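A short worksheet on the structure shown next.
The values are calculated or read from the model by the stated rules, or taken from the named source; none is laboratory data. If you're wondering where the values come from, they're calculated on a predicted model, not measured in any experiment. Virtual Cβ from ideal backbone geometry, glycine too; neighbours counted across all protein chains shown.
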Amino acid sequence: MAGQLPSNDDSAAFAPARVWLMLPTWALIGFFLLLPVLLMLVYSFLTKEFRGGVIWEFSLESYDRFFLDRGLFGDEPPKIEWTYIGIFWRSAWQAGLATLLCLLVGFPTAWFIATRPPQTRSIWLFLVTIPYWVNLLIRTVSMKFLIRDNGPVNELLMALGVLDAPFTMINTNFAVQLGLFYSYLPFMVLPIYAAVERYNFALTEAAADLYATRWVTLWLIVIPVVRPGIIAGSILVFVPSLGAFLAPDLLGGAKNWMIGSLIEDQFKGAAGNWPFGAAVAMVLLSVVLVVLFIYARSQTRAGAR
């Protein structure tokens with residue numbers, strides 16, 4: 001019958017076709033995602049060549065260098081290498097703070113857009129996504145121009161009498177945080193907007209009829225319902241912020257390196273250490289995968305309950 005849904009037997013008949021139709025997708029994922037990661041994993045266990053590149057000799061030196069300090073000549077008792085661990089910790093708290101700031105700004109922004117009349121929502125979404133029409137490098141350089149000592153922000157503050165002298169923002173953690181926040185805010189707004197758009201506002205009206213305050217309604221009704229959008233936005237902001245290198249390089253300077261800057265530096269120029277850069281990248285990837293695995297397990301258990 002026309003319009004009738006296929007039965008299970010009909011679906012089974014098309015199973016071989018589905019496998020063939022998925023082959024191009026799996027080929028692209030394997031070539032552009034799995035193969036580079038596998039190559040990076042292999043490189044992390046190789047030996048650095050003196051003039052750059054690698055020697056195809058198996059070694060754990062790169063991982064040892066990341067976690068342990070054996071002195072200048074490698075003959076001292078091993079100690080914990082706090083330099084690289086400190087860079088990793090700085091990356092984690094910068095990414096976490098950027099995620100929190102994006103959430104504090106992104107949630108009310110997404111709520112505002114989702115509660116506008118349907119004919120104007122697309123305009124607001126268009127305004128949110130406009131910055132992504134410009135390359136991230138150009139946007140970061142523009143941010144550096146705005147907040148430099150003699151830039152428009154300092155000049156405006158001095159013209160208004162707020163400051164007597166320029167306030168140094170470049171090459172600080174504040175500049176890095178500003179760059180991360182500006183770069184990834186839309187990644188928080190859009191998932192939350194999608195969740196709020198599906199929210200049943202009758203729940204809010206019912207809570208008001210039961211004399212619930214706005215804060216009680218927000219914490220006990222709204223946030224639990226739109227939590228999937230909040231979690232998705234947090235992951236989309238935290239993960240790229242953790243491995244970012246443009247904002248730390250251009251806005252933070254050498255004293256405010258993040259893990260992405262360390263990885264990038266190992267692959268630049270003939271003097272770079274490719275195995276060490278690959279090892280640091282694998283450590284970063286492992287941490288991200290563990291976080292995502294824990295989240296997936298918690299969601300599975302929540303669904304089971």
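One table, with the values for the structure above:
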{"read-out": "Every residue from the range 133-146 that is farther than 16 Å from Tyr184 by Cα and either out of contact with any Gly (no Cβ under 9 Å at 6 or more places or on another chain) or charged (D, E, K, R) (or both)", "value": "Lys144, Leu146"}
{"read-out": "Meets criteria (without any contact (Cβ under 8 Å) to a residue 24 or more places away in the chain and either out of contact with any helix residue (DSSP H, G or I) (no Cβ under 7 Å at 6 or more places or on another chain) or of a type outside the set (Gly, Ala, Ser) (or both)) for Glu264", "value": "yes"}
{"read-out": "Test set (1) without any contact (Cβ under 8 Å) to a residue 60 or more places away in the chain; (2) among the β-branched types (Val, Ile, Thr); (3) closer than 14 Å to Tyr184 by Cβ - Val128 fails condition number", "value": "(1)"}
{"read-out": "Selected residue (criterion: farthest from Thr172 (Cα to Cα)) from residues of the range 69-114 that are free of Cβ contacts under 8 Å to residues at least 40 places away in the same chain and among the β-branched types (Val, Ile, Thr)", "value": "Ile80"}
{"read-out": "Residue satisfying all of: in the range 152-166; in contact with a helix residue (DSSP H, G or I) (Cβ under 6 Å, 6 or more places away or on another chain) and of a type outside the set (Val, Ile, Thr); surrounded by the fewest Cβ atoms within 10 Å (Cβ to Cβ) among these", "value": "Pro152"}
{"read-out": "Hits in the range 163-205 - residues which are farther than 30 Å from Leu137 by Cβ and among the aromatic types (Phe, Trp, Tyr)", "value": "Tyr199, Phe201"}
{"read-out": "Residue satisfying condition, being modelled with pLDDT under 85, of a type outside the set (Lys, Arg) and under 31 Å from the mean Cα position of the chain (by Cα), within set Gly53, Gly30, Gly71", "value": "Gly53"}
{"read-out": "Among the candidates Gly52, Gly86, Gly71, Gly96, residue that is in a loop (DSSP other than H, G, I, E, B) and under 22 Å from Asp249 (Cβ atoms)", "value": "Gly52"}
{"read-out": "Set Thr204, Thr217, Thr172: member being among the hydroxyl-bearing types (Ser, Thr, Tyr), over 14 Å from the mean Cα position of the chain (by Cα) and under 16 Å from Lys144 (Cα atoms)", "value": "Thr172"}
{"read-out": "For Val237: the one exception among (1) closer than 22 Å to Leu185 by Cβ; (2) touching a residue at least 12 places away in the same chain (Cβ under 8 Å); (3) surrounded by fewer than 20 Cβ atoms within 10 Å (Cβ to Cβ)", "value": "(3)"}
{"read-out": "Sole residue being in contact with a helix residue (DSSP H, G or I) (Cβ under 9 Å, 6 or more places away or on another chain) and of a type outside the set (Phe, Trp, Tyr), chosen from Asp69, Asp75", "value": "Asp69"}
{"read-out": "Those helices (runs of 4 or more DSSP H) lying entirely in the range 116-166 with at least 3 residues farther than 19 Å from Asp249 by Cα", "value": "118-129, 152-159"}
{"read-out": "Any chance Leu210 is at pLDDT below 90 and either under 25 Å from Glu49 (Cβ atoms) or of a type outside the set (Gly, Ala, Ser) (or both)", "value": "yes"}
{"read-out": "Looking only at the range 249-264, and only at residues there that are under 15 Å from Phe174 (Cα atoms) and in contact with a Leu (Cβ under 9 Å, 6 or more places away or on another chain), the one that is surrounded by the fewest Cβ atoms within 10 Å (Cβ to Cβ)", "value": "Leu250"}
